[in-house]
Amino acid sequence: MSPPLPHHRILSTLNEDGTRNWIRPKLARGRFLRRRRIVAWALIALFVALPLVRIGGRPALLIDLVTRELSAFGAVFRPSNGFLLLLLGLTIVLAVFVLTALLGRVWCGWGCPHTVYLEHVFRPIERWLEGTPAQQARLSRFAPRRLIKWAIYAALAFAIANVFLAYFVGVDRLRVWVLESPAVHTGGFGVVALVTVLMLANFGWFREQTCIVACPYGRLQSVLLDRQSLIVGYDARRGEPRTKAKKLAVATGARGDCVDCSACVAVCPTGIDIRDGLQMECVGCAQCIDACDAVMDKLHRPRHLIGYTSQDQLAGVPRKLLRPRLVVYPALLAIVGSLFVWAVASRATSEVTALRNDGPSFVTLPDGRIASAVQLKIENESDEPRHYVISLAGSPDAVLKSPLAVWEIRPHHAQPIPLYVEAAASTFHHGERRVHLRIFDDQQFERIVTVTLLGPDGGEADDRGRERGER
Ligand code: SF4
Ligand code: SF4
């Protein structure tokens, strides 16, 4: 027998004694379930395809943790593209703000990978093998059907873990990790095994608690929604006072349309009663709408006792599209989004950065001249190899020494370039002098970079060289 539920409300997943209240929702078939299934399977196809499909020779979406690169639909971003990444991050955050202010938790119920896989892949398998919620509750832990379910779950978790990891390490590297012996790739094998266990624990055991206690987006709802945002709501003005279906025939006086059948509670995947009002646990999945619509159909009453609505609409206030957060958020989104698009479209094909030098900052040559170390990093942001030449711009008294006359850099790669600039010791003042380096490629890229050379203080040479601060 299950422990009693608490009298005062804490969490829908907790029993009175603090143990887990297992939520085994029934399935309500209806128009929203049909639409959600179409969306879910289209999204599953998209989730699987994105790391596999190649655009411009790169995965459509790859957040490469090894090389610290983000590839998104043909564009590549590296940590040096900090400003672009900031704009991209802001654009995504503002888009979430707009979507939530307008459509509430539509993402949670319809698009979130957790909901999509749990409700459209894992739970259907559970219902198929273990039966109705009541049959599931009666089944022993080691019943053969339950063990088969866990075996299928483990295989699915492995597949989903691979798809998930493909977004972070790339399909090619993942294939090597999976196909070669674990002894050769212990690290890679460990990551795949760990993510598989986490997926299995999430979809097989943790389930709705991910939405209720772990997901930060769910926690943000109260500040992102306003009274006009789309929510799943119960029309209490029409439904109350609720009357049990059995008592309908003998009911006298005012009675609402709700027959207190609890169908909406029985199907809720987070275990709440939507008739208690808007709650943080509601993921907007519309299962209670389908359940209640079926009840209303049977009773020949109008649908939409529970439906997509807004807090204002439930209170009889007319719909308003023009409201402060639907002006401010979209305006900010348009500004930041346009800035991002402009910055991507106009960014240079190459980036040049002067880096801190690792070794001695300078050495004194046998003829008394100073050779100062310079370290550049050139990033080729284009899709083809580029050939770079570096020379001194001005400074006829100095000579640039480079290990190569022409530097070939692969597409979307960064190359550190060690250089020396030779100049007379007397040209250094207070241990420093400046030179300008001209970097150009075989296309149309050209950049002048100013670097500060370190040398002897007051023209005094020190043949051991000295380390100085950042150039
Ligand atoms: S399904 Fe509809 S009628 Fe039944 S309890 Fe819920 S709101 Fe009332
Ligand atoms: S209250 Fe309704 S919409 Fe919200 S989570 Fe439960 S079933 Fe889904």
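The values are calculated or read from the model by the stated rules, or taken from the named source; none is laboratory data. Quick caveat, the model's predicted, so the values are computed rather than measured. Cβ placement follows ideal geometry from the backbone for every residue including glycine, while neighbour counts extend to all protein chains displayed.
Just a few scattered comments:
- Region 115-126 - residue that is over 20 Å from GLN221 (Cβ atoms) and not acidic (Asp, Glu) and, of those, nearest to the chain's Cα centre (by Cα): TYR117
- Any chance ILE55 is closer than 27 Å to LEU174 by Cα and β-branched (Val, Ile, Thr): yes
- Number of the condition not met by MET296 [criteria: (1) of a type in the set (A, V, I, L, M); (2) away from ligand 1 (no atom under 11 Å from the Cβ); (3) free of Cβ contacts under 8 Å to residues at least 60 places away in the same chain]: (2)
- Residue ID - nearest to ligand 1 (Cβ to nearest atom), chosen from residues in region 305-322 that are assigned to a loop (DSSP other than H, G, I, E, B) and surrounded by 16 or more Cβ atoms within 10 Å (Cβ to Cβ): LEU305
- Any hit, region 186-205, residues being in contact with an Asp or Glu (Cβ under 9 Å, 6 or more places away or on another chain) and under 15 Å from GLY284 (Cβ atoms): no
- Filtered residues of region 253-267 (kept if near ligand 1 (Cβ under 10 Å from one of its atoms) and either part of a loop (DSSP other than H, G, I, E, B) or surrounded by fewer than 16 Cβ atoms within 10 Å (Cβ to Cβ) (or both)): GLY256, ASP257, CYS258, VAL259, ASP260, CYS261, SER262, VAL267
- The C-beta contact set for region 428-441 (first residue more than 23 Å from GLU379 (Cβ to Cβ), second residue in a strand (DSSP E or B) and of a type in the set (Ser, Thr, Tyr), distance under 9 angstrom, 6+ apart or interchain) comprises PHE428/SER372; GLU432/THR452; ARG433/SER372; ARG433/THR452; ARG434/THR450; ARG434/THR452.
- Some residue of region 342-354 being touching a strand residue (DSSP E or B) at 6+ places or on another chain (Cβ under 9 Å), more than 30 Å from ILE55 (Cβ to Cβ) and not acidic (Asp, Glu): yes
- Cβ-Cβ distances below 8 Å connect the following pairs, each with a first residue in region 143-171 that is under 19 Å from PRO133 (Cβ atoms), a second residue that is among the polar types (S, T, N, Q), and a separation of six or more residues or different chains: ARG146/SER140.
- Among residues of region 394-425, those that are in contact (Cβ under 8 Å) with a residue 24 or more places away in the chain, outside any strand (DSSP E or B) and surrounded by 15 or more Cβ atoms within 10 Å (Cβ to Cβ), counted: 6
- In region 42-60, the qualifying residues are those that are among the hydrophobic types (A, V, I, L, M, F, W, C) and surrounded by 15 or more Cβ atoms within 10 Å (Cβ to Cβ), and the one that is nearest to PHE73 (Cα to Cα) is ALA60.
- Considered as a group, the residues in region 265-276 that are under 14 Å from ALA236 (Cα atoms) and out of contact with any Gly (no Cβ under 8 Å at 6 or more places or on another chain) include one that is nearest to ligand 2 (Cβ to nearest atom), and that residue is ASP273.
- Residue in region 126-139 that is in the same structural domain as VAL192 (by TED's automatic domain parsing), free of Cβ contacts under 8 Å to residues at least 60 places away in the same chain and outside any helix (DSSP H, G or I) present: yes
- Those residues of region 426-440 which are among the hydrophobic types (A, V, I, L, M, F, W, C) and assigned to a strand (DSSP E or B), in sequence order: VAL435, LEU437, ILE439, PHE440
- Pair list, Cβ < 9 Å and 6+ apart or interchain, from region 273-284 residues that are in a helix (DSSP H, G or I) to residues that are of a type in the set (Gly, Ala, Ser) and surrounded by 15 or more Cβ atoms within 10 Å (Cβ to Cβ): ILE274/GLY233; ARG275/ALA236; ARG275/GLY239
- The residues in region 64-88 that are in contact with a strand residue (DSSP E or B) (Cβ under 6 Å, 6 or more places away or on another chain) and either among the polar types (S, T, N, Q) or surrounded by fewer than 16 Cβ atoms within 10 Å (Cβ to Cβ) (or both) can be counted, and the count is 5.
The rows are residues; the columns are (1) surrounded by fewer than 18 Cβ atoms within 10 Å (Cβ to Cβ); (2) among the hydrophobic types (A, V, I, L, M, F, W, C); (3) in a helix (DSSP H, G or I).
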residue	(1), (2), (3)
LEU198	yes, yes, yes
ASN202	no, no, yes
ILE212	no, yes, yes
TYR217	yes, no, yes
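- Any chance LEU147 is over 30 Å from TYR217 (Cβ atoms) and either in a helix (DSSP H, G or I) or modelled with pLDDT of 95 or more (or both): yes
- Condition broken by VAL192, with the remaining ones in (1) within 16 Å of VAL48 (Cβ to Cβ); (2) surrounded by 15 or more Cβ atoms within 10 Å (Cβ to Cβ); (3) among the aliphatic types (A, V, I, L, M) satisfied: (1)
- Qualifying position, being within 15 Å of ASP235 (Cα to Cα), within 9 Å of ligand 2 (Cβ to nearest atom) and in contact with a strand residue (DSSP E or B) (Cβ under 7 Å, 6 or more places away or on another chain), among CYS282, CYS288: CYS288
- For region 283-298, the criterion of being surrounded by 16 or more Cβ atoms within 10 Å (Cβ to Cβ), at positive phi and in contact with a helix residue (DSSP H, G or I) (Cβ under 6 Å, 6 or more places away or on another chain) is met by at least one residue.
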